[in-house]
Structures are given as structure tokens and as C-alpha cells.
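The values are calculated or read from the model by the stated rules, or taken from the named source; none is laboratory data. Everything numeric here is computed off the predicted structure, so don't read it as measured data. No Cβ is skipped: glycine too gets one built from the backbone with ideal geometry, and neighbour counts run over all protein chains shown. Heavy atoms of the whole protein, side chains included, go into the accessibility calculation; ligands, DNA and RNA do not. Shrake-Rupley method; radii C 1.70, N 1.55, O 1.52, S 1.80 Å.
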Amino acid sequence: MMKKADDINDKWDVQLRKGSLELVILAALKERQLYGLELLKFLHGLETMAITEGTLYPLMDRLKRDDLISASWVQEGELRPRKYYQLTEKGEKKLSTLTSRWRKSVEDIELLLNNPGPSLILKKGS
Amino acid sequence: MQNHELIHNYLKSLGKYLSRLDKTDADDVIREIESHIHDALELQDQQDCADEIAKILAGFGQPRELAAQYVEHILQGTPPPTGFKAIQSVKKGATMSLYISMGLFGFGVAAILVLAGFYKIFVPNGVGVWSVTQGNSIIITFSEHTYPNSEELFGLWLIPIAIGLGLAIGRLTWKVLAALKKKY
């Protein structure tokens, strides 16, 4: 029974991530610069965000091509050079658009969850 | 050493599958992934653990599949950079000449068949399809005389057959051209 619930959780996470991953990455880079491994570890620290290396890097490449993020190699002292990512102006705009759509979706879902039947209740003012 | 070979082979294989990218782009991808692998190993403090390397590489997936995601946008056809209009017009020219020659050929054959059909109505012996005796060939003639040593096929049935076939070929050509036009 427990295993089945885990399975449902995993499938749900995967489906939801598919649609929201771009928002997740842009949000993770808001007001900070991160390199790939750092970003990956950051996301792994969040319960529903455990993506693989094979998903992350090609996605970063696409976001960079779309000019939503930029990348630069940085060498700190004796350390190995690392490729740091940051939001571009276009990326920041996209993040704020996606953020408001995300919040709207959550609000709508909450409304549905808080209004079980039988009668249909419409939101005030609509 | 063997563990470093694992990493080396992975990156080499990845490089092979990334060959569609510009060399600078491909090198950049490989450099970043290499940096990630070594950083991750240092983080685990397990520089030479084969299990750890295998786990990290598994996270990246098969080199071929990983590379496919980087190359995808090229295969989907990125618009050519500006200044490459010459290539586009050559491509367009090739398509245009294909379009025209296909049209000429298709409608030409169709017209000849339809004309032959109508011609037979008015001049029954003027056109015919002949099967050469003891031979494997069929001969279509536009002549006042019967073809020597051969037997006429279809007879007057040639009229509906030729006209019908001609119209069908004409229609087919029209459809193919319409499909081509839609594409370009």
C-alpha cells in the first residue's frame, strides 16, 4: 500500500515537473549565480525537484539559446573552472510572467479544492 | 586509473555524438560535464570509487541520448543565420524547377492520352495500341496504317481507356503539385 502511494507521488512529481521545470530553474537563479552541480544539489534538497544531470544540462543549454540565462566560465584560485549561470533581462521578465501564471493556477486549484459540490460556487466578483 | 578511463570513454563517446554541433559548442558541453563529474567526485571525497563514477554517469544517461538533447534543435531546423539568403534561393530554385518539370511531365502525358482518345473517335484507324506477334512489346502508333505483324488491342475501347487514364493522371499531377506547393 505504501509502495503504491510512493509510486503515485513519483508519477505526479514527474508530470508536474515537466510543465514547471523552466519556472523552477529560472526561480532558482533569481538574484544568484549558480554552476550546474550547485544548482542540481540545490534542487535535490527539495522533495519534489530531484531532476537528473541528464535533464538539467541540456535544459540549461536550451534556456541559454533562448537568451533567458547567460553563462560564464569562472576560475576561482586553484579550483577547477566552473560554468556559472545567471538570469538575463529576458529571463527575469519570463520568470515574472511564469510566476504570476503559476500563482493563478495554484489559486484556481485551491478554489476547486475548497469548494466541493454539489452546488457550483463561483468566485466573488466573477 | 581505470576509473579515469570510464570518464574518458564517456566523454569521448559524447563528443562523437555531439559532432553536429560547432566544435566550440561541443567542447564547451564536454568541458562543463567533465568539470561536473570531477566536482561531484570531490564532493563525495571518493576520487577513485568506480561505483560513484558509475552513479554520476548514470545520472547523465547514455552519451547518445544525452547528446541527442543538445542536438535536437539543429535537427528540428533552426532558421539559417542572416546572410545565408543565397542558399535559400538556390533551394527555392531547385524546388521550383522540380515543381515545373513534374507539372510539365504529368500534364503532358495526361494531355497526350486524352487527345489520343478523342482522335480515335474521329479517325478510328489513326491511332491504336498494337501487340507485336511473338514479341513482348506493345506499340502505340499515330499512323494511317495498321502496324505490321501485330494485333490491335482494345479496339474502340481505347477511347474511354485513354481518356479515363489521361484524366486520372492529370488529377494525380494536380494533387501532387498542390501538396508540393503547400510544403514550400
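Observations on the model:
- Among the protein heavy atoms of the protein assembly as shown, carbon and sulfur supply 60% of the accessible surface, probe 1.4 Å, non-protein parts ignored.
- Evaluated with a Cβ-only charge set (Lys, Arg +1; Asp, Glu -1), chain A carries a dipole of roughly 320 debye about its Cα centre, given to the nearest 20.
- Extending 7 Å from Cα along the Cβ direction at B:CYS49 and again at B:LYS181 yields two label points whose distance is 6.8 nm.
- Accessible surface, 1.4 Å probe, highest first, among residues A:MET60, B:MET102: B:MET102, A:MET60
- For the Cα trace of the protein assembly as shown, dividing Rg by the Kirkwood Rh returns an Rg/Rh value of 1.27.
- Other residues with beta-carbon under 13 Å from the beta-carbon of A:THR55 carry, at +1 per Lys or Arg and -1 per Asp or Glu, a net charge of -2.
- Take the accessible area of B alone and of A alone, subtract that of the pair with a 1.4 Å probe, and the total buried over both chains is about 1800 Å².
- By accessible area with a 1.4 Å probe, ligands and nucleic acids excluded, highest first: order of A:TRP102, B:TRP174: B:TRP174, A:TRP102
- Residue-level accessible surface for A:LEU111, protein heavy atoms, 1.4 Å, Å²: 60
- Taking every protein chain into account, the accessible area of the protein assembly as shown amounts to 69 square angstrom per residue (probe 1.4 Å).
- Using a Förster distance of 25 Å, the FRET efficiency for A:ASP108-A:LYS18 (Cβ separation, nearest 0.05): 0.85
- Only Lys, Arg (+1) and Asp, Glu (-1) charged, at Cβ; the stretch B:1-79 dipole about Cα centre in debye: 460
- A simple charge model with +1 on the Cβ of Lys and Arg, -1 on the Cβ of Asp and Glu and nothing else charged puts the dipole of the protein assembly as shown at about 1680 debye relative to its Cα centre.
- Computed [θ] at 222 nm, deg cm²/dmol, chain A (DSSP H ≥ 4; -39,500 (n - 2.57); rounded to nearest 500): -20000 deg cm²/dmol
- Distance between modelled label sites at B:LEU165 and A:ARG32, nm, 7 Å Cα→Cβ extension: 7.8
- Placing pseudo-labels 7 Å out from each Cα toward the beta carbon at B:SER97 and B:ARG64 gives an inter-label distance of 3.8 nm.
- Accessible-area rank, largest first, for A:LEU21, A:LEU63, A:LEU79: A:LEU79, A:LEU21, A:LEU63, with all protein chains present and a 1.4 angstrom probe.
- Only protein heavy atoms count here; on that basis, with a 1.4 Å probe, A:GLU110 has an accessible area of about 90 Å².
- Delta accessible area of at least 30 Å² on complex formation, residues of the stretch B:34-66, 1.4 Å probe, chain isolated as reference: B:SER35, B:HIS36, B:ASP39, B:LEU43, B:GLY59, B:PHE60
- The gain in end-to-end length when the B:ARG31 to B:PHE107 segment is fully stretched comes to 21.5 nm, 0.36 nm per residue minus the alpha carbon separation.
- If you plug the beta carbon distance of B:LEU75 and B:THR141 into 1/(1 + (r/R0)^6) with R0 = 45 Å, you get a FRET efficiency near 0.25.
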